[in-house]
Amino acid sequence: AMVGMGNDFGNPGEDLQKNIALFDSSLKSLKALNISAPVNESLVQDEQLWLPIKKQIEAKADIAKVEKLQQDLDALLASCHKTTGLIAQASGAKAAEIVNISGRQRMLSQRMAALYMLQVWGVKDPEFKGKLNATMDEFARAQEILLQSKLNTPEINDGLARVKRLFKWFEMMGRSKSGRYVPAIISKSADKMLKEMNTI
């Protein structure tokens, strides 16, 4: 969306290429681990969904193709979430569930930003508001679960407090009816949230 708008804040074209490479390398690394047969099958499904998406996002940004791209990304998101759950189950670690929730928060921070940027770009989606609100609500509920975890250290609690402050930008902008947009602030906040949740 930022490339399509010609927004050069944070060099989105370069960032997009880095993220495509990261997704590819992460998928390859997970497959190489050979965690379990169910995980391997799920990773094959992830890859089958990813390859046509990769082709689309490497092409020139086209607002006319965004609706289908969103549907494909939603399917990939659901598939990757299933894979993550299977990996958490296979690990058998006590902290696996809370780590899984933390990992999903990284994704949700990017989903909120993506939905916001699509609206700024002018994508007309009748379900947009519902998607954004549902994503923000899920993020807020998960943050409360994370804040109450007995596994937290003081460092984790400090990070969660910073994320909570950053999330206020999304609540304010996502629910605003003013028609004014601040893509640079949302992009910066989403990036900080991603880094904080990665550390957490």
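The values are calculated or read from the model by the stated rules, or taken from the named source; none is laboratory data. Because the structure is a prediction, the values reported are computed rather than measured. Ideal geometry is used to build each Cβ from the backbone, glycine not excepted, and the neighbour counts take in all protein chains shown. With ligands, DNA and RNA removed, areas are computed over all heavy atoms of the protein, side chains included. Shrake-Rupley method; radii C 1.70, N 1.55, O 1.52, S 1.80 Å.
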- [ ] Please work out the Cα convex hull volume for segment 73-131 and give it in Å³ per residue.
- [x] 75 Å³
Task: Mean projection area, nm², convex hull over Cα of segment 45-96 - done: 4.3 nm²
Open item on the list: Please compute, over every Cα-Cα pair in the chain, the percentage with a separation greater than 32 angstrom.
Closed with: 17 percent
- [ ] Output the peptides 1-13, 27-39 sorted from most to least packed, where packing is the average of other Cβ atoms within 10 Å over each peptide's residues.
- [x] 1-13, 27-39
TODO: With runs of 4+ DSSP H residues as the only contributors, calculate the mean residue ellipticity of the chain at 222 nm using -39,500 (n - 2.57) per run, divided by the residue total and rounded to the nearest 500.
DONE: -27000 deg cm²/dmol
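To one decimal place, what orientation-averaged projected area in nm² is obtained for the convex hull of the Cα set of segment 30-126?
Directional mean of the projected Cα hull area for segment 30-126 stands at 7.1 nm².
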Open item on the list: Which one, Ala59, Ala75, Ala95, has the greatest fluctuation when you compute a Gaussian network model over the chain with C-alpha springs under 10 angstrom?
Closed with: Ala59
Task: Carbon and sulfur %, accessible surface of the chain computed with the full protein complex present, 1.4 Å - done: 56 percent
Open item on the list: I'd like to compare 187-194, 157-164, 106-113: which one has the highest average count of other Cβ atoms within 10 Å, and what's the full order after that?
Closed with: 106-113, 187-194, 157-164
